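As structure tokens, the structure follows; a few thoughts come after it.
The values are calculated or read from the model by the stated rules, or taken from the named source; none is laboratory data. Remember, it's a predicted structure, so these values are computed and weren't measured experimentally. Glycine gets a Cβ as well: all are built from the backbone with ideal geometry, and neighbour counts include every protein chain shown.
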Amino acid sequence: MIGQRTTRQRRAIGQLMDELADFRSAQQIHQLLAQRGEDIGLATVYRTLGAMAASGEFDVLRTATGETLYRRCERQGHHHHLVCRSCGRTVEVQAAAFETLVASLSDETGFVDVSHTLELFGTCATCAEELATS
């Protein structure tokens, strides 16, 4: 990683994130690291997650309550997430129509270098079926 030192803390966080399939908060990551015997402060976890997210290593998801969650990127390049409100299952999706809308809005308003995030929340088929049968 250009400009980023590979520290013990960065390696520990990266290794942990490689093992996790779902999004986790900084506090959850800090707790898991502590359970492994890693002595890394919560502030360091926050800083490192932020830096690794900024470099594209992690996806960042902001929940409806404003909490920031992190996960190792499965897909390179720009993408969005469809998140189950019930179980947290997350699917990475392309949204070509949305990207076209963003480009159109940029053109109409004269804005340049527009960035965005799009997180869609719903109920996955498995959870919907469980809710329907209970």
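Points worth noting:
- Lone unmet requirement of (1) surrounded by 13 or more Cβ atoms within 10 Å (Cβ to Cβ); (2) in the same structural domain as L131 (by TED's automatic domain parsing); (3) of a type in the set (V, I, T) for I13: (2)
- The set of residues in segment 109-134 being closer than 19 Å to R89 by Cβ and among the small types (G, A, S) consists of G122, A125, A128, A132, S134.
- Criterion: part of a strand (DSSP E or B) and over 13 Å from the mean Cα position of the chain (by Cα) - qualifying residue of F111, F98, F121: F121
- Exactly one residue out of A64, A54 is loosely packed, with under 12 Cβ neighbours inside 10 Å, within 13 Å of the chain's Cα centre (by Cα) and not assigned by TED's automatic domain parsing to the domain that holds L131, and it is A54.
- Test: residue in segment 22-41 that is in a helix (DSSP H, G or I), surrounded by fewer than 12 Cβ atoms within 10 Å (Cβ to Cβ) and modelled with pLDDT of 95 or more: yes
- If the condition is being within 13 Å of the chain's Cα centre (by Cα) and either of a type in the set (G, A, S) or closer than 15 Å to E67 by Cβ (or both), then segment 1-28 contributes A21, D22, F23, R24, S25, A26.
- Whenever a residue of segment 31-50 is without any contact (Cβ under 8 Å) to a residue 60 or more places away in the chain and in the same structural domain as G14 (by TED's automatic domain parsing), its partners that are part of a helix (DSSP H, G or I) and of a type in the set (D, E, K, R), lying with C-beta atoms within less than 6 angstrom and at least six residues away or across chains, give the pairs T48/R10.
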